[in-house]
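Have a look at the structure below, then the notes.
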Amino acid sequence: MQTQRVQALVLTSRPWQEAHRLVDLLTRERGLVRAIAYDAQKPQKPLSSVTQVLTECNLLLGTGDGELGVIIQGTSVAVFQAGATDPTRLAYALAIAEMIVRVAADEAAVRHDLAAVYDDCKVALRRVLDQDGPLVTVSAMMVALFPYAGLAIDTERCGECGTPHMSPPVRFRVASGSGVCRECASQGAARTEWPISEGAWRVLRHLAPLSPVRLGRVHVKPATEQEVCRLLSAMLSENAGISLRGLHVAQQLDPRFRTGK
Ligand SMILES: [Zn+2]
């Protein structure tokens, strides 16, 4: 077995058999790695702390011929969820972790260097746990992951006629990730297109060339946040077959989006 020192973010962690844990790691050096930590379920064992979800750690990783790695040693560097008492924020952080596992496990993504995603992920986790408007950060992370799923947003030209947008488009075409101008939209479309508000278009234009690292503080109305997130989620699910359950759960928990009761 070969060994390698890696910097890793624990994205998922679950019990495996009686005593062990199985984790999905985002490593700076090797991208996404699924690894087993023997005896990590037993309290007081050295690997129990480095297999907590949303923890950043330095690990000695064993890798064989198979896809599964083995965590040999580790020390935790940062525990992102430490002190996070708000279940909604925690749910958004877990949704980001799930999103990365789902997109980075895609065959197209495996060939890429994920070091930039590693930095984006750390910033995004801090932001959703500490700042308001977590859905904008989740959306920014989704956009940063799009290239790894073979997706892109075109905010420059109409998805139908190719004319540069002089005014905000009125519809959004999920298949191509582009706006559709008023003239083309009025001719009726057979493809999947959604109405898009001016506010949501402004946010999309802001996010398209960005990553969470460079996002800065953004103030967006909750309804606009949700609209942007819904359009981006539709792009992932309809074009790449990736549906994000954790994100759905987080939005159901979010008091801003609860209706009725
Ligand atoms: Zn057009």
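The values are calculated or read from the model by the stated rules, or taken from the named source; none is laboratory data. Keep in mind the model is a prediction, meaning the values are calculated, not measured. When we count neighbours, we look across all protein chains shown, and the Cβ atoms used for this are built from the backbone with ideal geometry, even at glycine.
Descriptive notes on the structure:
- Unique residue being away from the ligand (no atom under 15 Å from the Cβ), over 25 Å from V101 (Cα atoms) and surrounded by 22 or more Cβ atoms within 10 Å (Cβ to Cβ) when the list is A200, A144, A140: A200
- Failed condition for R205, given (1) in a helix (DSSP H, G or I); (2) of a type in the set (K, R); (3) farther than 20 Å from G162 by Cβ: (3)
- Residue check, V213 among the hydrophobic types (A, V, I, L, M, F, W, C), touching a helix residue (DSSP H, G or I) at 6+ places or on another chain (Cβ under 8 Å) and surrounded by 17 or more Cβ atoms within 10 Å (Cβ to Cβ): no
- Residues of region 148-168 satisfying the condition of being more than 8 Å from the ligand (Cβ to nearest atom) and either part of a loop (DSSP other than H, G, I, E, B) or more than 29 Å from the chain's Cα centre (by Cα) (or both): G150, L151, A152, I153, T155, E156, P164, H165, M166, S167, P168
- Taken over region 169-182, the residue count meeting the criterion of being within 13 Å of the ligand (Cβ to nearest atom), in contact (Cβ under 8 Å) with a residue 24 or more places away in the chain and not aromatic (F, W, Y) is 5.
- Residue in region 3-10 that is among the hydroxyl-bearing types (S, T, Y), in contact (Cβ under 8 Å) with a residue 60 or more places away in the chain and either in the same structural domain as H248 (by TED's automatic domain parsing) or more than 30 Å from L135 (Cα to Cα) (or both) present: yes
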